[in-house]
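I have placed the structure first, in the form of structure tokens, so that the comments after it can refer back to it.
The values are calculated or read from the model by the stated rules, or taken from the named source; none is laboratory data. These figures come from a predicted structure and were not determined experimentally. Cβ coordinates were reconstructed from backbone atoms using ideal geometry, including for glycine residues, and neighbour counts include every protein chain displayed. Surface areas here come from the heavy atoms of the whole protein model, side chains and all, with no ligands, DNA or RNA. Shrake-Rupley method; radii C 1.70, N 1.55, O 1.52, S 1.80 Å.
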Amino acid sequence: MVRKTTRRSHSKKRVDERLLGAYIAIIALGLITVYSTSSMMAENKFGSHTFFFRNQFIWALLSLAVIWAITKIDLTRWAVYSAPAFIFILGLLAMVFLMDSRNGSHRWLMLGPFTIQPSELFKSVMIYYLAFSLSNHEHNASDLKQLLLKYFPLLGTGMLLILLEPDLGTTIVIFITAVAIFFLAGTRVKYLVTSAIPVGIVASILVFGLGYKRARVMDYIHSLGDPLQGSYQSAQAALTLGAGRIFGTGLGDGSQKLFFLPYPHTDFIFAAVGEEVGLLGLLFLLSVFFYILKRGRIIAMKQPDRFGFLLASGMTLSLFINIAVNIGVVTSLLPVTGLPLPFISYGGSSLLISSVAIGVLLNLSRRVAR
Amino acid sequence: MKRTRQERLRFGFLSFGVVLFFFIVVGRLIHLQIFLGPVYQKQVIKQSRGSIKIPAPRGTIYDRNGRILASNVKQYSLYAYPKSEDQIKETAAYIEELFHYPKGTARKKFGLREKKFRWIKRGIDDALASKIESGAPNGLYLRKETKREYPFGLIGKQILGFTDIDGHGISGIERLCDTLLSGKPGVADIRRDGKHNLYPVNETAVKKPVTGKSLVLTLDWRLQEIFEEELRDGVEKYNAELGMGVFVDCRTGEVLAMAHYDPSEQRPDRPAKVCTVTDQFEPGSIFKVFTAAGLLDEGLVDFSDSTFCENGCWKMDRGKLHDDKKHGWLNFRRIIELSSNIGVAKYASKLGGDKLYETARRFGFGQSMNTGLARENRGSIYCPEKWSDYTIASLSIGHAVAVNCLQVAMGFAAVANRGELLKPQLVYCSIDDQGDIRDTFKRTVIRRVMKESSADSLIAILRGVVQQGTATKVDSKAVAIAGKTGTAEIPDLVNKCYFKNKFNASFAGFFPADDPIVAGVIVLKAPEPIHYGGHTSGPIFKNIAERYMILNPDMFASEQRVLQQQGLKQTGTVIVPDLLGKRFEYANKIVEERGLELRTTKDSGTVLWQYPSPDRLLFENDEILIAVAEMTEDPIIMPDLRGLSIRQASAFLHFAGIKERVQGSGLVRRQSIAPGKIITKNNECRLECRPI
């Protein structure tokens, strides 16, 4: 069935220009906000106020090139390699533990001058693999035996490795993404709910029994009432957002990024931007996000086959989950976990992986009859 | 391929979740940014903004002629604020290299520690500062500060005083008028970051600093310069331990110059005191003037009567009184002229203790002059109740009483101005940052100390002292000086007696005798081998008087010529050339050669008029005002009169045939006919003047 659709997918249809436009818009916004929130720190640390901006700009150009390349390849033809690729990534995840730890965690794999986060790769490849696997064997998604003997061990191993890095945030994002894909593929809700039970138990034991990140969770619980009662980070984030009020202080004029708000150009960029552009600016940013997700949904719904549908919706949902977790943390709706805001936060690999998702969506948009 | 129903339903469910999330986030943002916003904003402002004081520039100090005596200059100071161990090491190494300290000492010497502020060096010159700016490692920074600068260096330093490194007055006028001079610091908003760094980048002044008020002193720095030079020369010439003196304008009480010179002073740039008000001494014979004033006022002097002066030794109940030379019968005039102790003492016994005490008190002895200068000494004079005849005799000749220089000067000024004791003034006025003049001093008469008629007699006697008395060395052909010499034994405080061969040699007087302007006193402590006031302090006084007169030709118009004919010439003075009838270019050349400057109506034509007139004396770089016109009925153009004295300006207006109307006094500040306008006859020019 996949073979049959290959021909059609290779027609000379154009990519979804609206999604491309929205993507370029958000990349531009990201560059502006990275400059605005990082210039002081860059000046302070590296003696050049454009230090972070320059890096991000190069990564943006690289991302565009990657997107272009992805739109040119035949995703269905390469899908057969997703299973071995998935296994390979699992190997990389294991290798991470052989590396020196950075900031007390093993997240990075250093290959000469490059550092990659296998967990980010894992997320993308997982979606690709699941889309392929669940569309190829339509009944896998509802076959309990398959679920328990094939997907659970594979995905479980990956998530466990990531959890042990330790990177709880990414693990949760991957878990939710995986659940969402199974949900779309037709897995019975009963099974999915059941799968959440052991995770919940393990998490509760970890947090309340062993005290892992207990303070953070307690902070979160406190912050639900009054955001300032939470951890320093979430309190500063809430203050930063609040200080922006409706119109903001103006680009570049925020004061919270000056070492009050931690990671103002990466994980907490949404707050730093919120101080400078205010509620109105954030609503604009959110609407661009929303538009991208909407285009993702349209592309997914119009896919000619189940593989395309699962892949497009998986990519869209993973973007959404990243956005949702990041913004949820910044607005003190979720406990603090270090995840970048796609397209906006400073950081090459985050930008690249998010762009890959867009590239895949653009690629799939070419298969859509318009 | 169409989506199956299940796919649509499930995707719809997830989409609903996405939309729901966006609604929640927007709601949360509204909660945070609209409802909590105002409170949060305040908190953010509180944690990220602060205020720092902006130091106010200190006021300038001018002398009475508008010369700048103290002003501010920018300077840099170096401080360390290392943020890490590495920075401490780098900083220390840099400092060691820069200031040539031995290796490894800087850290301990300056106590460098992480995140601790340490001054390294304050007051760095610009060259070093720019070197540091380009080469200093992180952790070492420059701060811009203002430093007090005294363009005249050590001249008048004692009375001017100095400030500490933070700009607070420590001594002298700087301390006396510290509140006026220091102004009010401003407040600036600054941004602070989470690491306690301050960002002056966004510095905006909320409250601008108010510049301190500028002061115009009554002191005349030209006189101060001459005075200090002569005093120093005198102290060295006569081997004195200390020399000091005060000159005042006897008509107004303005102090014109005051200084002391101590050859052994360790830090002349950091004078601790103004000896002329802080140091007391026994005045000796100069005090006889005040005894005489009391006698004259009481009408106890018969000028035709003579008194026997005991041939130089008069035995009294408790001791002997000596004269320096043996005198027989002398009248009152000669007693003062020759300074006979015995003669004065005999007269004083007629006056009696109470009256003598009262006279001395009236002249201000034993009382503070309230100059406000630090550690002002009011001197001492004992109550007459316990006095013996000997004590009365001692007091009448200036012993058993302690005074300071300023008191003596003000006392002589009172005699010179025919009987009014004036409050000494150091500050003429203050000028605020708008240029408005405040707190102009008022001539304050403390009290009348003697009758005008007695003062006139006394002035005549004191003129006699110089002409045919003990101070013949002081007699000047240029200026009529009147005064009194004093040679007083110095008390030995350790052995409670007087030193055998240590004397205070003094001369106090005023000039010109016929219409006194300046009164002053010079005291030399323990000059050797000559110890007579008339031979040491007197000549110093004379030199100063003559030189001061040359500097102020307007003040001493008649004496001017005499001096010039004598060929006395002052260094740094220039005789005004005759420019009348010369072409402008030529006149300009002459003036330049003599080191003077020209102020002119226009720069071509023939010189029709000049001020000052030829053969007068001017200082180098002084200005000559000329009127230039083409010989062919050229209209005269209004020159810039601002900054000239009224005398100069009105001389020009008179020449140009313009009526003048003068408002105020002092220097011309505004003129109603603008410079450059063509003058027609019968114009009226209004001159607004301000004193300086």
Please list the three semi-axes, largest first and in whole Å, of the ellipsoid equivalent to the range A:155-216, using sqrt of 5 times the eigenvalues of its alpha carbon gyration tensor. 23, 14, 9
Dimensions of the range B:53-215 along principal axes (Cα, Å, largest first)? 56, 39, 24
How big is the range B:572-690 by the Kirkwood estimate over distinct Cα pairs, in Å? 14.4
List every residue whose amide H lies under 5 Å from the amide H of B:GLU254, counting only residues 5 or more places away in sequence or on a different chain, with H placed 1.01 Å from N in the peptide plane. B:ASP249, B:GLN425
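Normalized C-alpha radius of gyration of the range A:46-137, against 2.2 N^0.38 Å?
Values: Rg = 16.6 Å, N = 92, 2.2 N^0.38 = 12.3 Å.
It is 1.36.
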Along the dipole axis of chain B (charges at Cβ: +1 for Lys and Arg, -1 for Asp and Glu; origin at the Cα centre), the most positive-end residue among B:ASN504, B:CYS313, B:PRO185 is B:PRO185
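Need one value for B:10-22: mean number of C-beta atoms belonging to other chains within 10 Å of its residues' C-beta atoms. Before the final figure, lay out the partial values.
On the way: counts 8, 10, 2, 3, 8, 8, 0, 4, 12, 3, 0, 9, 9.
Mean partner-chain Cβ count within 10 Å for B:10-22: 6.
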What does the charge count around A:ARG188 come to, taking other residues whose C-beta lies under 12 Å from its C-beta (Lys +1, Arg +1, Asp -1, Glu -1)? +1
What is the helix-to-structure angle for A:82-95, meaning the angle in degrees between its Cα long axis and the longest Cα principal axis of chain A, kept from 0 to 90 and rounded to the nearest 10? 40
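Defining a contact as two alpha carbons under 8 Å apart and six or more residues distant in sequence, what relative contact order in percent does the range B:403-481 show?
The normalised contact order for the range B:403-481 reaches 25 percent.
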Orientation-averaged projected area, Cα convex hull of the range A:14-365 (nm²): 17.5
Of B:LEU69, B:ALA127, B:PRO209, which is farthest along the charge dipole of the range B:53-215 in the positive direction, counting Lys and Arg as +1 and Asp and Glu as -1 at C-beta? B:PRO209
Run through all the Cα pairs of the range A:120-188 and give the fraction in each 5 Å bin from 0, expressed as whole percent. 4, 17, 30, 26, 15, 7, 2
Provide the per-residue ³J(HN,Hα) series for the range B:390-402, in order, calculated from phi with Karplus coefficients 6.51, -1.76, 1.60 and θ = phi - 60°, each as a whole number of Hz, with x at glycine and proline positions. 5, 5, 4, 4, 4, 4, 4, 9, x, 10, 6, 8, 10
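Dividing the Cα convex hull volume of the range B:221-557 by residue count, how many Å³ per residue is that?
Numbers: hull volume 46.5 nm³, N = 337.
Cα convex hull per residue, to the nearest whole number: 138 Å³.
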What's log10 of I(q)/I(0) for the range A:322-370 at q = 0.21 Å⁻¹, Debye sum over Cα points only, no solvent? -0.74
Which values of log₁₀ I(q)/I(0), to two decimal places, follow from the Debye formula for the range B:245-372 at q = 0.21 Å⁻¹ with a uniform point scatterer at every Cα? -1.22
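Work out, step by step, the length gained on full extension between A:ILE221 and A:LYS13: first 0.36 nm times the residue separation, then minus their alpha carbon distance; give nm to one decimal.
Values: separation 208, 0.36 × 208 = 74.88 nm, distance 5.06 nm.
Value of the extension gain: 69.8 nm.
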Distance from the Cα centre of the range A:254-282 to that of the range B:76-117, in angstrom? 36
If I build a Gaussian network model for chain A, linking alpha-carbon pairs within less than 10 angstrom, which residue out of A:SER223, A:SER36, A:SER195 has the largest mean-square fluctuation? A:SER195
Using a cut-off of 15 Å between alpha-carbon atoms, which aspartates and glutamates can reach A:LYS13, once sequence neighbours fewer than 8 places away in the same chain are excluded? A:ASP74
Per residue, what volume in Å³ does the Cα convex hull of the range A:204-360 take up? 129
Hey, can you grab everything whose amide H is under 5 Å from the amide H of B:CYS685? Only 5+ residues off in sequence or another chain; H modelled, so Pro and N-termini drop out. B:LYS659, B:GLU660, B:ARG661
Compactness ratio of chain B: Cα Rg over 2.2 N^0.38 Å, N = residue count? 1.34
For the protein assembly as shown, divide the Cα radius of gyration by the Kirkwood radius and give the resulting Rg/Rh value with two decimals. 1.26
Could you tell me how many degrees, from 0 to 90 and to the nearest 10, lie between the Cα long axis of helix B:452-468 and the main elongation axis, the longest principal axis, of the Cα atoms of chain B? 80
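Could you run the numbers on buried accessible area between A and B, total for both chains, 1.4 angstrom probe, in Å² to the nearest 100? Intermediate values should be presented prior to the final figure.
Working: alone 17730 and 34470 Å², together 47850 Å².
Summed over both sides, the interface buries about 4400 Å².
Roughly speaking, what is the stretch gain from B:ARG5 to B:PHE35, that is 0.36 nm per residue apart minus the C-alpha to C-alpha distance, in nm to one decimal?
Working: separation 30, 0.36 × 30 = 10.80 nm, distance 4.31 nm.
That pair, B:ARG5 and B:PHE35, stretches by 6.5 nm at full extension.
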Compactness relative to 2.2 N^0.38 Å, alpha carbon Rg of the range B:5-51: 1.98
Rounded to whole Hz, the Karplus (6.51, -1.76, 1.60) HN-Hα couplings of the range B:413-420, x for glycine and proline: 4, 5, 5, 5, 8, 6, x, 10
Relative to the longest principal axis of the C-alpha atoms of chain A, give the angle of the C-alpha long axis of helix A:232-244, reported between 0 and 90° and rounded to the nearest 10°. 80
Per residue, how much accessible area does the range A:115-221 have with a 1.4 Å probe, in Å²? 46
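Carbon and sulfur: what percent of chain B's accessible surface (1.4 Å probe)? Mind dumping the intermediate values first?
Values: 16070 of 32170 Å².
C and S atoms contribute 50 percent here.
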Under 19 Å from B:LYS237, Cα to Cα: lysines that are on another chain or at least 8 residues apart: B:LYS473, B:LYS502, B:LYS525, B:LYS542
Could you tally the net charge around A:LEU224, taking each other residue with its Cβ under 14 Å from the Cβ of A:LEU224, Lys/Arg +1 and Asp/Glu -1? 0
With each run of n ≥ 4 DSSP H residues scored as -39500 (n - 2.57), what mean residue ellipticity at 222 nm is computed for chain B after dividing by its residue count and rounding to the nearest 500 deg cm²/dmol? -9500 deg cm²/dmol
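Relative contact order for the range B:53-215: what percent, with Cα pairs under 8 Å and sequence separation of 6 or more? Walk me through the intermediate numbers first.
Working: 320 pairs, mean separation 50.6, N = 163.
In percent, rounded to a whole number, it is 31.
Pairs of Cα atoms under 8 Å, at least six residues apart: use those to get the relative contact order of chain A, whole percent. Working shown, then result.
Details: 526 pairs, mean separation 99.9, N = 370.
Relative contact order for chain A comes out at 27 percent.
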Using θ = phi - 60° and the Karplus form 6.51 cos²θ - 1.76 cosθ + 1.60, what ³J(HN,Hα) does each residue of the range B:217-232 get, whole Hz, x for Gly and Pro? 7, 7, 6, 9, 5, 5, 5, 4, 4, 4, 4, 5, 5, 5, 5, 5
Qualifying lysines (Cα of each under 18 Å from Cα of B:LYS355; at least 8 residues distant if same chain): B:LYS288, B:LYS346, B:LYS386, B:LYS451
